[in-house]
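Nothing in this text is a laboratory measurement; each read-out follows from the coordinates by a stated rule. All values derive from a computational prediction rather than experimental measurement. Here Cβ is always computed from backbone atoms with ideal geometry, including for glycine, and neighbour counts include all displayed protein chains.
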Amino acid sequence: MNISGGDLLLRCIAQEKVRYIFGVVGGQWLPFIDAIYREGKNLGVEYIGTRHEQAAAHMADAYARLTGIPGVCLGTVGPGAVDLVPGTYPAYADSIPMVILTVQNQTWKIYPDHGSTQGCDQLDLFKGVVKWNALISHWKRIPELVQRAFRTAAGGQPGPVHLDIPVDVLAEMGPEDSVRIVPAERYRAVKLPVGNPELVKKAAKILVEAQYPLIHPGAGSMRSRASKELAELADYLGAPVIGSVCARDVLPNDHPLYYPAASMGALTAMGQADAVLMVGSSLCDYDFWGNHPPWGHPDKQKWIQIDIDPNMIGVNRDVDVPIIGDAKETLKAILEEVKKLTGKKPPNPALTACTQALESQREQYKQYIEEDVTPIHPLRIIKEVREYFPRNAISIVDGGNTALWYTYLNLVYEPGTFLQAADSGHLGVGLPYAIAAKLVDPKRPVYAVCGDGSFMLNIQELETAARLEVPIIIIVNDDRQWGMIKGGQKLVFGERYLGVDFIDVRYDLVAQAMGCHGERVTEPKQIRPALERAVKSGKPAVIDVVVDREANLVPPDLAMINAIWLEGVEMPKVEEEVPEKPKVKERVPEAA
């Protein structure tokens, strides 16, 4: 029996237990789309059409973060492929496994291009944002290269990969018995390696002998699903846990040993520790690159690093014990060795100072949380939202200053319940992430807090949410400005604002026009009733909250973030007389 390249591609993808393929259809994709129509249900694969390819990639990204299965998305030749690139980048930055599919013109018209309409060198286009990519030049190579794509995406340090497939390859027919389609466990490792036993023993000895051990998990610990093992080791050692921005959900955020990244409690603990166990982290700028200070001096503070990728060992900070292995399995092994050397230890008394520092920092925000002032302070929004939703809700943050405010009060309580394009800071992920999260886990509440600038970048996906009938809740932090950039102009450039202000947009009415529930909120007391009505509607919902523009402009950590990002850059001083800044006539936000 003969089958088409489109059918063959679908069957290969189905072997990986992929539930959804996200994308925007194009003419060259029709052989594959028709295969999904005919065989998708039987194979357990569903196609999700989006309104923009970038959003399709974001949805595949979120799917992979939540399930551990590589996300799959597609775009058509030329502009469709180009539009996938910005959605691929945040997954690349956070090492999220994805398989990006682009269709190509006929094999005899490409590489080099024959002058075809929508011709594009899609292999070079994606090289900067994927681990690996390839052209499938013949029907018979579809199984081989799809297997390699998933093996590469999920293997080692995960990341996106890209396959470019000419339309004639998709349409080509061939005998089914001439190709071999096998389950994933037959062509790639599904059980990852444990670290070297001798190094595991050495690490355990250092942790047991340390007066003040500290654990620093990163995104690799989350991808490995290592939260349980990490919590057990931290509890046994009485060691504080400072999750990176990519691992906020590694422990319940109200756990007595947990301190948020870059918080005053974390900074205090980082300097006191005499031994650090780093698990799947790259030591990014929010980790201060492992520098002393705030971390201890390399000659006095011993470091153990666990990573699945040998190329990540010693990046930004030299280490005493480098261990190559899966985070989950290696943490299990370390805990076993620790238990051989010591009984359970109580929390270190030095943690009292860390907890006091964290509580003191949070106390600074108390007045903003409790005051019934108008316009609404951003912290009041986050307090009301977090208190309304249950501990197991999936929460998403999307924005610049919105993300900074969110860090203080939006506590996360269960692994796999927090999504953010952390390393890239990519804007526009909130709504697509929320849609994918609800598809993955329909019974769990899903909410996203988005800056208005971020929300507008993929607002068209409200139609997708309405069409799919996914009851997600989007809270828009509406300050009518690019807050983080405007805050930088305020701090460094004498309030010379340019290119940062918006007019008032009724996001609630936009939502209603797309078949969603929409409300505008202008007073603090309106927030919770609006959340209740949004959930009761059973529809995708947008709550457009008008916030205090000036208060939202400079979150407490903005100056520190700017200093990190612009390290070593001395901004020019303007000596000449600067013309008076133009008066911007702001349209006063309308009440609901």
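Can you give the longest stretch of the chain with no exposed loop site, where a site means GluC sites (Glu not before Pro) in a DSSP loop (not H, G, I, E or B) with at most 15 other C-beta atoms within 10 Å?
Details: sites that count: 371, 469, 495, 567, 570, 575, 576, 577, 580, 586, 590.
Longest stretch, sites excluded: 1-370.
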Taking Rh as the Kirkwood radius, which is the inverse of the mean 1/r over Cα pairs, what is the Rg/Rh value for the range 36-123? 1.02
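Stretch residue 370-residue 292 to full length: gain in nm at 0.36 nm per residue minus the Cα-Cα span? Each step should come with its number before you reach the end.
Details: separation 78, 0.36 × 78 = 28.08 nm, distance 3.75 nm.
Length difference between fully extended and current span is 24.3 nm.
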Applying the span-like rule to the chain (DSSP H, Cα extent along axis at least 30 Å, Kyte-Doolittle mean at least 1.6) gives none
C-alpha center-to-center spacing [the range 89-111, the range 390-461] in angstrom: 25
Taking the range 342-410, which trypsin sites (Lys or Arg not before Pro) meet the DSSP loop condition and have no more than 11 other C-beta atoms within 10 Å? 344
Rg/Rh of the range 347-431 (Cα atoms, Kirkwood Rh), to two decimals, equals 1.01
In nanometres, the difference between 0.36 nm per residue of separation and the alpha-carbon distance of residue 274 and residue 571 is 103.2 nm
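Report the trypsin sites (Lys or Arg not before Pro) located in the range 167-249 that are in a DSSP loop and have at most 11 other Cβ atoms inside 10 Å of their Cβ, or state none. Please report the intermediate quantities before stating the final value.
Numbers: sites: 180, 186, 188, 191, 201, 202, 205, 223, 225, 228, 248; in loops: 180, 188, 191, 225, 248.
Qualifying residues, ordered by number: 180, 191.
Per the helix-only calculation at 222 nm, which mean residue ellipticity applies to the chain, given -39500 (n - 2.57) for every DSSP H run of n ≥ 4 and division by its residues, nearest 500 deg cm²/dmol?
Values: 24 runs with 234 residues, N = 592.
Computed mean residue ellipticity for the chain: -11500 deg cm²/dmol.
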If each of residue 191 and residue 232 carries a label point 7 Å out from its Cα toward its Cβ, how far apart are those two points in nm? 1.6
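Determine the dipole magnitude for the range 158-224: charges of +1 sit on the beta-carbon of Lys and Arg, -1 on that of Asp and Glu, nothing else is charged, the reference point is the Cα centre, and the result goes in debye to the nearest 20. Walk me through the intermediate numbers first.
Values: 8 positive and 8 negative charges, 140 e Å.
The dipole of the range 158-224 has a size of about 680 debye.
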Nitroxide proxy distance, nm - points 7 Å out along Cα→Cβ at residue 106 and residue 255: 5.9
If I take every Cα pair under 8 Å that is 6 or more residues apart in the range 322-457, average their sequence separation and divide by the length, what percent do I get for the relative contact order? 23
Kirkwood Rh in Å, taken over all unlike Cα pairs in the range 378-498: 14.8
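Which whole-number percent gives the relative contact order of the chain, counting Cα pairs below 8 Å spaced six or more residues apart?
Numbers: 1250 pairs, mean separation 69.6, N = 592.
Over the chain, the number comes to 12 percent.
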